[in-house]
Amino acid sequence: MTETTRTTRLLALLVPLFMFLYGVFRLIDGRDGDHGPGLAWNIGHSFFFAAFLLLGALVVELRSLVRVDTARRAAVAGAAMVAGVFGAGCFLWVILGDLFPRFDDAAPLPGPLELVGPLAFQLGILTLLVMLVASRPRQLPAWSPALVFVAFLLIAVNLDLIPVAALALLAGFAPLVRTRTGNLRASASAS
């Protein structure tokens, strides 16, 4: 398992928490059958913004955990990080537009980026997680990126499932929350 920094552990906890809170406030906002500007909308979107800001930071942290023993592996990890951060930036742009309609009127996210951004984010973070699974010794269990993927699927199926998706995200990130220095030292001394 991987040795994580305090920053990685904190991000892996806060991102799902903020996503969960966004999902709860979104449900509260939608009780009247309409999602739109108002107190619950603004609070929820503030948590959503914070979650994606931290997700961008988490992508950078994940890149630092990937062992790059070949130029190809370094290139893939670097490209995944760029894609993940780019995608998180696209999400932030849209969220700012939701929070501040004048911003959206003045500078809407270009249409192609509305499709490419979320895909780039998901592909970037999942690639980094899979690279941590595929490394020798393995840094993450195989179920970790699988649960993160399930979280993304739940959100795609229905936005009302965001609180459940946040719990799947928390479970997927759980190995990043625990420090496993003992395992790394044991495997290093066995070599």
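The values are calculated or read from the model by the stated rules, or taken from the named source; none is laboratory data. These numbers were taken from a predicted model, which means no experiment stands behind them. Neighbour counts run over all protein chains shown; Cβ positions are idealised from the backbone, glycine included. Calculation scope for accessible area: heavy atoms of the full protein, side chains included, ligands and nucleic acids excluded. Shrake-Rupley method; radii C 1.70, N 1.55, O 1.52, S 1.80 Å.
Helix 71-99 sits at what angle to the longest principal axis of the chain, using alpha carbons and giving 0 to 90 degrees rounded to 10? Taking the Cα atoms of the chain, the angle to 71-99 is about 20 degrees. Set against the labelled values [x] 1.19; [y] 1.09; [z] 1.13, Cα Rg over 2.2 N^0.38 Å computed from this structure falls on [y]. Per-residue 3J(HN,Hα) values for segment 159-168, derived from phi via the Karplus relation 6.51 cos²θ - 1.76 cosθ + 1.60 with θ = phi - 60°, read 5, 5, 8, 4, x, 5, 4, 5, 5, 5 Hz in sequence order (x marks Gly and Pro).
The string of couplings for segment 128-144 from the Karplus curve (6.51, -1.76, 1.60, θ = phi - 60°) is 5, 5, 5, 4, 5, 6, 7, 6, 10, x, 4, 9, 9, x, 4, 6, 4 Hz, one whole number per residue in order, with x for Gly and Pro. Counting only alpha carbon atoms, the long axis of helix 39-65 and the longest principal axis of the chain meet at about 20°.
Of M131, M81, the order by accessible heavy-atom surface (1.4 Å probe, DNA, RNA and ligands excluded), from most exposed downward, is M81, M131. Averaging the sequence gap over all C-alpha pairs within less than 8 Å and six or more residues apart, then dividing by the number of residues, gives segment 35-120 a relative contact order of 33 percent.
Neighbours of P163, meaning other residues whose beta-carbon lies under 14 angstrom from its beta-carbon, give a summed charge of -1 when Lys and Arg score +1 and Asp and Glu score -1. With helices as the sole contributors, the chain gives -27000 deg cm²/dmol at 222 nm; each DSSP H run of n ≥ 4 counts as -39500 (n - 2.57), and the sum is divided by every residue. When V164, V133, V24 are compared by accessible area at a 1.4 angstrom probe, the order from most to least is V164, V24, V133. Projecting the Cα atoms of L140, L123, A57 onto the charge dipole of segment 51-191, computed from C-beta unit charges around the Cα centre, puts L140 farthest toward the positive end.
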